[in-house]
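The values are calculated or read from the model by the stated rules, or taken from the named source; none is laboratory data. Worth saying up front: this structure is predicted, and the values here are computed from it rather than measured. A quick note on method: Cβ atoms are made from the backbone with ideal geometry, for glycine too, and the neighbour counts reach across all protein chains shown.
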Amino acid sequence: MSSIVWALYDTRGEAERALRSLTAEVPLHHAGVYDASPASLEQLRRLDLSPDDLAACERKLSAHEHLLLVRPMTADGVDRIISVLESGPTPETPQSRPAAPAAQEPQAPRSAVIEEQRVPRIEEELRVGTPEVVRGGATVRAHVEEVPQTRDVELLEEILLVDKRLANRRIDEQELQSAGLMRGRVVEIAQMREEAVVTKQAFVREEVVVTKTVERRVEEVHETPRRTEVGTEDFPTSASHHRPTGYPNEGME
């Protein structure tokens, strides 16, 4: 794996001008300008860099600077690249800062965040929902009542009366044979009567109807949203008193 050389610049224009100067004087295997954008970082990770070199480049890009990364085609190309970058600022690159080869320890940035604390400013927003709750209603129950009733009904009934009557009438032989009066026989007469048979027929006499309607109403809702106010206060460096900013004046007319 050949050596790589990187340099940091404040703007992309400065880095691109330095890149044009290098490509004009040194044969390069690879050259590019990278920033902290996700697409640029993805292109940087696709390069054949060692984990240490890649980590060093990403740390520099996290400070929102522009990274010029080049890889020479020959072994002596590293010295030529450094010579071009250290030859002093040109009218096109007044702020360029050359860096050592990637194999060397990465240079420390001009300024770095060593501590950061965040205090969020929180504010509640009042939002009113309208869930459905049971606030009343009606229950309809139906039960069966038995009411005894009495009705008078006229019924018919047949009554058989058996009576013997004396007779003295002569019967000739022809009538005797044709009526079969000289043969044994049984005469049955049914006696009928009416019996009360009770049936019930149902009728709808009344209906209980339960309906629901929807009405709109306006209700005034009272609530107190909260919010946090964040103020800053500098440590006193002299006998003068520094009042915190972001708070109203107290004790002053």
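Please go through the stretch 164-188 and give me each residue that is among the hydrophobic types (A, V, I, L, M, F, W, C) and either outside any loop (DSSP other than H, G, I, E, B) or at pLDDT 90 or above (or both), ordered by number.
Within the stretch 164-188, L176, A179 qualify.
Going through the stretch 6-42 one residue at a time, which ones are under 13 Å from L68 (Cα atoms), outside any loop (DSSP other than H, G, I, E, B) and out of contact with any helix residue (DSSP H, G or I) (no Cβ under 9 Å at 6 or more places or on another chain)?
Across the stretch 6-42, the qualifying residues are R12, G13, E14, A15, E16, R17, L19, R20, T23, H30.
I'd like the full set of residues that are within 16 Å of I82 (Cβ to Cβ) and either surrounded by 14 or more Cβ atoms within 10 Å (Cβ to Cβ) or of a type in the set (D, E, K, R) (or both), limited to the stretch 16-58.
If the condition is that a residue be within 16 Å of I82 (Cβ to Cβ) and either surrounded by 14 or more Cβ atoms within 10 Å (Cβ to Cβ) or of a type in the set (D, E, K, R) (or both), then A18, L19, S21, L22, E25, V26, L28, A31 are the ones that fit.
Would you say S3 is among the small types (G, A, S), outside any helix (DSSP H, G or I) and surrounded by fewer than 18 Cβ atoms within 10 Å (Cβ to Cβ)?
Yes.
I need every pair where a residue in the stretch 109-135 that is over 30 Å from L67 (Cα atoms) has its Cβ under 6 Å from the Cβ of a residue that is outside any loop (DSSP other than H, G, I, E, B) and at pLDDT 80 or above, sequence separation at least 6 or different chains.
Listed by first residue and then by second, the contacts come to E123/R227.
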